[in-house]
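Visitor: Take a look at the following structure, please.
The numbers here are math on the coordinates, done by the rules we state, and not lab data. Note that the coordinates shown come from a computational prediction; the quantities given were computed from them, not determined experimentally. Cβ sites come from the backbone with ideal geometry, for glycine too, and all protein chains shown count toward neighbours.
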Amino acid sequence: MVRAIRGVTVVDHPLVQHKLTLMRKSDTSTKSFRELLKEIGALLCYEVTRDLPVELIEIQTPLATMMSPQLVGKKLVFAAILRSGMGMLEGMLELAPAARVAHIGLYRDPATLNCVEYYFKAPLDIALRTVVVIDPMLATGNTAIAAVDRLKEAGARSIRMACLLASPEGISKFQGHHADVPIWTAAIDEALNDHGYILPGLGDAGDRMYGTK
Ligand code: URA
């Protein structure tokens, strides 16, 4: 069943759900996991960008002139949280290849589950662009909150959050800090365990993607 939570769009498209099921399975290989993350990234990008503004321009087809829509405004910024955000980023860039990219390096201190920043690089004119934050797992919410804090500090004003899985606790904490940032996710899972992992979840997205465990 898809839970309805204000500010959250659950992308329940059958292709997304099928690929997510494959990703959850513990015997899915590193190679397949990475491919699936990229494919879901592209499908989520399609939904996250659904309401981007367009304007009509006059074009010439081989047979006639017509008014036809094109995107307006500056190119998007995809802000990938290292390292698992990189997998979804690849798929998103396939759909929006001219997008700019920000990288945000944050890791979770395993003892406190708090975020520590080790890298941040974003386009200088980020204030003029719509920013899509990419992090497959919205678990405790701490990483996403810290990433959006940092992007706002850098000037970002129009921000969206794209993830693969979210926990109810993570959504609620994130919305408590950043109520202005809508979330897209492929699923909202049951809960978090004591180590801040999503249950039933899919394990550690970075480790599964890069085969580091
Ligand atoms: N990060 C992950 O990779 N997996 C989780 O379940 C939670 C955070």
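Visitor: Arranged from highest to lowest average of other beta-carbon atoms within 10 Å per residue, in what order do the peptides 62-72, 202-212 appear?
Guide: The packing order, highest mean first, is 202-212, 62-72.
Visitor: Note the full-extension length gain between residue 18 and residue 64 as 0.36 nm times their separation in residues minus their Cα-Cα distance, in nm to one decimal.
Guide: Using 0.36 nm per residue and subtracting the Cα-Cα distance, I get 12.4 nm.
Visitor: When the Kirkwood radius is taken over all Cα pairs of the chain, what Stokes-Einstein diffusion coefficient follows at 4 °C and 1.567 mPa s, in µm²/s?
Guide: 73 µm²/s
Visitor: List the residues of the range 179-195 whose backbone N lies under 15 Å from a point placed 7 Å from the Cα of residue 113 along the Cα-to-Cβ direction.
Guide: 189-195
Visitor: Once label points are set 7 Å from the Cα along Cα→Cβ at both residue 54 and residue 82, what is their separation, rounded to one decimal in nm?
Guide: 3.7 nm
Visitor: Let me ask something additional. Please report, in debye to the nearest 20, how large the charge dipole of the range 8-210 is about its Cα centre when each Lys and Arg carries +1 at its beta carbon and each Asp and Glu carries -1 there.
Guide: About 380 debye.
Visitor: Quick one: check the C-alpha center-to-center distance for the range 130-194 versus the range 15-62, whole angstrom.
Guide: Computed from Cα coordinates, the inter-centre distance equals 18 Å.
Visitor: If packing is taken as the average count of other Cβ atoms within 10 Å, what order do 6-16, 139-149 fall into, highest mean first?
Guide: 139-149, 6-16
Visitor: Quick check for the chain: number of Lys pairs with alpha-carbon distance under 23 Å, counting only pairs 8 or more apart or on different chains?
Guide: Total qualifying Lys-Lys pairs in the chain comes to 15.
Visitor: Taking 0.36 nm per residue of sequence separation and subtracting the Cα-Cα distance, how much length would be gained by fully extending the chain between residue 125 and residue 42, in nm to one decimal?
Guide: Gain on stretching residue 125 to residue 42: 27.4 nm.
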